[in-house]
């Protein structure tokens, strides 16, 4: 396989002998699988050939390769020429591959975990194994608990038995003044969960969870942000479908606009979730629930164009993948948020909120304007509770206008 990348015999000679002989073909295959171009792969393999020659001069073998050896080579190379960060990443990619094959020694962590790390890891296992929470809920709770521990016990010496209600009130009050009421509410939820865990573990004897105050957050106190109906079509038209990146973005925006999917649901989509024969798409929703939605013609056409011409060949089964190597499936909703932000900018729409929920709110508002009931909207958006859909009643201005009472004294 190496001959397909190289024409110069001196470079091949560096790869066919030395400590890394026999392992370069694996790296070349891995680069091809991850979607690197032939030119980029050639550059990386040439760098590995130079590294292989240096290992031979240093009398080092492949089973001695680790981060320290790579750092020695980087310093040696830096004295002779400029070292790029991509060069180090290439060598680290080689090290990971050798570790997967059991050739290089596994990474040894010499640092002893702190008391906070041990506590948080035990708490994570409790939430995952006994409470059955999803990874997203785990990260959210751990973030606030870690913030609480850092504020109350900055030096890591825990004394939970000494905690009193006034200490908890002080922390909640301070957090509410420095952030929004929603964040303070989330902090309270995380602390109640954490204090229940401490009591379950026997760290505290009293029920501190009952001491956490409820931060008042009035339900239905806001109006959902949405776009005008013509703005959605303007956004879709302004997306450049002459490029692979643009066609991928158009497929994502169409799913957001037509089906009102959440960003996490788009990220989780896999190739097997689309049934082209019956025109149906399977969506992995919140709480581990699955839903089947109709695949409208414009959605199917947009996704099919992306799959046929633009989706790189890779091993992942995720529907939407990165456009640059290494090719992997989208891991978080940040890529979807960035896609929405770019689309709004191209269409000349300036808004403070630019997340995927903007399209979800717009779809609900458009359905309401066309005469759909709140129950029908809740079914399309896959709301588990009916009261989640109630907020959209506040944007039905024609219905609300008939309920409005006249202003005392007449119009001003």
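Things worth noting here:
- For segment 115-211: span of alpha carbons on each principal axis (Å, largest first): 34, 29, 26
- From the largest down, segment 229-398 spans 49, 36, 27 angstrom on the principal axes of its Cα atoms.
- Point-to-point label distance, residue 245-residue 229, nm (Cα→Cβ direction, 7 Å offset): 3.4 nm
- Residues residue 304 and residue 138, FRET efficiency given R0 of 22 Å [Cβ-Cβ distance, rounded to 0.05]: 0.05
- Build a GNM of the chain with springs between Cα atoms under 10 Å apart, and of 361, 186, 245 the one that fluctuates most is 186.
- Between 0 and 90°, nearest 10: helix 67-78 axis offset from the chain longest Cα axis: 70 degrees
- Stretched out straight at 0.36 nm per residue, the stretch from residue 101 to residue 33 would grow longer than its current Cα-Cα span by 22.8 nm.
- Helix 181-201 axis versus longest C-alpha principal axis of the chain: approximately 70°, rounded to the nearest ten.
- If the segment from residue 153 to residue 342 were pulled out straight at 0.36 nm per residue, it would be longer than the present Cα-Cα gap by 63.8 nm.
- Among 272, 71, 233: highest mean-square fluctuation, GNM of the chain, C-alpha pairs under 10 Å: 71
- Label point distance in nm, residue 189-residue 80, each placed 7 Å from Cα along Cα→Cβ: 5.7 nm
- Separation in nanometres of the label points that stand 7 Å from Cα toward Cβ, at residue 64 and residue 313: 3.9 nm
- Against the chain, whose longest principal axis is taken from its Cα atoms, helix 297-309 shows a tilt of about 10°.
Bear in mind these aren't lab numbers, they're just calculated from the coordinates by the rules spelled out. Computed from a prediction, not measured in an experiment: that's the story for all the values here. Reconstructed Cβ throughout: ideal geometry from the backbone, glycine too, with neighbour counts over all protein chains shown.
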